[in-house]
Amino acid sequence: MTSSATLSQLDLPRAASIEMPAISGWETEIQSVVNHSEPVFLTNTNLRLENIKAGFACALHMHQPTIPAGWQGGLISHLQYMYEHPHEGDNHNADVFAWCYRRMGEFIPQLVHEGCNPRIMLDYSGNLLWGFQQMQRHDILDNLKRITCDPAYQPYVEWLGTMWSHAVVPSTPIPDIKLHIQAWQHHFAAIFGYDALRRVRGFSPPEMHLPNHPDTLYEYIRALKECGYQWLLVQEHSVENLDGSGLRHEQKYVPNRLIARNSHGNEISITALIKTQGSDTKLVAQMQPYFEAKGRDRQAIGSTQIPSLVAQIADGENGGVMMNEYPRDLFRIYYDIRDSGSNHSGTVPINGTEYLELIEAAGVTPAAYPTCQAVQQHKIWQRVDPTQATSAAVEQAISELKQTDPHFHMDGASWTNSISWVSGYENVLEPMNQLSAAFHQKYDSLVAQNPAVTQQFDYQQALLYNLLLQTSCFRYWGHGTWTDYARDLYQRGQALLA
């Protein structure tokens with residue numbers, strides 16, 4: 001925090017117009033809010049570390065892309081498109097989707113008022129938050145504000161930061177990684193306020209995707225730390241031990257220190273909480289993390305005994321299991337915990353930052369966590385001495401490994417091994433890189449000379465199209481309409497930059 005201004009005195013980010021989300025212009029204010037070392041849950045938690053055997057942390061991921069499919073090609077949320085085209089695909093479920101986005105603002109207060117001690121982590125893309133504003137869905141926003149801003153519910157709810165436009169990091173141009181992270185922080189602060197943003201300490205990567213190219217991972221972690229993030233949620237098979245082995249079974253249930261070395265030999269690290277197993281909404285919908293945690297016990301980190309943690313994330317709205325089974329099982333499990341007298345002891349729900357603050361208050365330091373790195377990197381560092389690394393040596397090692405090792409790749413890893421997010425998507429990736437290069441060529445020097453340029457409408461509009469083009473949906477949903485959307489965004493972005 002700056003000594004010259006309090007949170008209430010700082011100007012909040014605002015949109016350049018009602019047609020624009022708040023995604024830039026208040027970088028200095030945002031930095032002063034998020035870069036602090038004070039605990040944010042420790043003073044409010046009703047949990048005590050010595051009473052806990054194991055914890056379970058569940059996160060809900062919510063996203064709808066922004067598409068050029070409104071009136072005369074206007075930018076609209078795909079949720080709005082679902083309402084306007086109810087006979088396509090599963091668009092008839094638009095109301096149910098909207099309820100899923102709103103319902104934690106109902107569930108958490110109800111559970112608290114009924115004597116339960118719930119926890120939930122929320123990950124909403126910037127696209128989705130903007131869509132709520134465009135559609136004037138104040139019912140959704142007001143419900144989210146209730147559990148975010150009301151002190152009665154803050155201890156139970158943790159927001160996770162993410163990439164504003166749901167961009168997967170390995171295929172995002174490196175200069176844009178930080179722009180996505182900052183854009184989400186701007187937008188979140190504009191809706192929920194600086195005090196709420198100050199409590200956002202963990203980061204949820206779109207598609208649980210972790211880059212494994214040394215330079216990309218290094219810049220990613222550096223951007224996260226520069227933006228105030230203290231920990232990252234990672235998929236268990238996206239990381240490896242420094243010797244190339246998979247994470248030990250017990251290691252998956254304690255914090256790890258994710259190490260990144262770049263091609264110049266520089267090293268950086270961040271705390272990683274491990275998301276176990278694959279991506280199956282049933283795991284969260286049926287409260288499987290609770291049952292898994294019941295089979296876990298305390299572990300030693302150095303000389304300190306800490307609870308094991310089972311961390312899991314799932315789409316919060318997709319599929320019948322989340323729409324129908326999750327509310328049933330959520331209440332059933334929390335009632336069972338309450339009625340057995342286990343709200344505060346034994347196996348308990350706990351959020352990520354709350355868990356880390358509790359164990360670190362007990363004397364555990366991040367330096368004591370087991371270490372890991374992005375999967376496949378050990379093969380590079382077997383060929384290149386990290387203390388003597390150069391860009392040429394790293395790229396040569398990567399090239400040789402690609403030719404000799406059929407299992408080696410630099411596509412990173414995500415919640416599924418069946419999607420590369422890079423291979424086969426050149427028709428989208430090439431325009432993405434071209435638009436990004438044009439954006440930075442036009443604005444980087446201007447911003448360096450005058451940081452206030454990021455408050456100008458022309459900058460914000462160009463930034464918007466640059467970020468939108470990088471939305472993962474334009475690759476995930478394959479060729480056809482979705483790549484047509486990407487082409488349209490590219491052409492509009494280039495016209496703005498011409």
How do 343-350, 438-445 rank on mean C-beta neighbours within 10 Å, highest first?
343-350, 438-445
Residue 38 versus residue 149, label points 7 Å from Cα toward the beta carbon: distance in nm?
2.0 nm
Rg and Dmax of the stretch 54-159, Cα atoms only, in Å
15.4, 54
Determine the relative contact order of the chain: mean sequence separation of Cα pairs under 8 Å and six or more apart, normalised by residue count, in whole percent.
21 percent
Based on the alpha carbon coordinates of the stretch 211-324, what radius of gyration and maximum Cα-Cα distance (Dmax) apply, in Å?
16.0, 51
Taking the Cα centre as origin and putting +1 on Lys and Arg beta-carbons and -1 on Asp and Glu beta-carbons, what dipole magnitude results for the stretch 128-189, to the nearest 20 debye?
80 debye
Assigning unit charges at the beta carbon (Lys, Arg +1; Asp, Glu -1) and nothing else, what dipole magnitude in debye, to the nearest 20, does the stretch 9-141 show about its Cα centre?
340 debye
Take the cross-link list 225/402; 252/294; 53/275; 53/252 and give me the ones stretching past 23 Å between alpha-carbons.
225/402
Contour excess over end-to-end distance, with Cα ends at residue 71 and residue 113 and 0.36 nm allotted per residue:
10.7 nm
Could you sort the peptides 33-43, 199-209 by per-residue average Cβ neighbour count (10 Å cutoff), highest mean leading?
199-209, 33-43
Antiparallel content of DSSP bridges confined to the stretch 208-295, in %, to 5:
55 percent
With a ≥ b ≥ c taken as the square roots of the eigenvalues of the C-alpha gyration tensor of the chain, please select rounded if a/c is under 1.5 and otherwise prolate if a/b is larger than b/c or oblate if it is not?
rounded
Length gained if residue 395 through residue 449 is fully extended, taking 0.36 nm per residue and subtracting the Cα-Cα distance, is 16.1 nm
Provide the per-residue ³J(HN,Hα) series for the stretch 337-347, in order, calculated from phi with Karplus coefficients 6.51, -1.76, 1.60 and θ = phi - 60°, each as a whole number of Hz, with x at glycine and proline positions.
4, 4, 6, 8, x, 10, 4, 10, 8, x, 9
Counting only DSSP beta bridges with both partners in the chain, the antiparallel fraction in percent, to the nearest 5, comes to 30 percent
Given 129-142, 395-408, the highest-first ranking by average Cβ count within 10 Å works out to 129-142, 395-408
Between residue 385 and residue 96, what FRET efficiency comes out of the Förster formula 1/(1 + (r/R0)^6) with R0 = 51 Å and r the beta carbon distance, rounded to 0.05?
0.40
For the pair residue 487 and residue 48, what calculated FRET efficiency results from E = 1/(1 + (r/R0)^6), where r is the Cβ-Cβ distance and R0 = 51 Å, to the nearest 0.05?
0.35
If you average the alpha carbon positions of the stretch 306-323 and of the stretch 203-276, how far apart do those two centres end up, in angstrom?
20 Å
What are the semi-axes of the equivalent ellipsoid for the stretch 424-498, taken as the square roots of 5 times the Cα gyration tensor eigenvalues, largest first, in whole Å?
26, 11, 10
Cα-centred dipole magnitude for the chain, charges only on beta-carbon of K, R (+1) and D, E (-1), debye, nearest 20:
680 debye
Listed residue (245, 172, 69) projecting farthest to the positive dipole end of the stretch 31-372, Cβ model:
245
Taking 8 Å as the Cα distance limit and 6 or more residues as the minimum spacing, I'd like the relative contact order of the stretch 424-498 as a percentage.
42 percent
Volume per residue of the C-alpha convex hull in the stretch 109-223, rounded to whole Å³
109 Å³
Apply the a/c threshold of 1.5 to the C-alpha gyration tensor of the stretch 20-71 and tell me whether it is rounded, prolate or oblate.
oblate
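No value in this document is a laboratory result; all are computed from the given coordinates. Since the structure is predicted, the reported quantities are computational estimates derived from the model, not experimental observations. Reconstructed Cβ throughout: ideal geometry from the backbone, glycine too, with neighbour counts over all protein chains shown.
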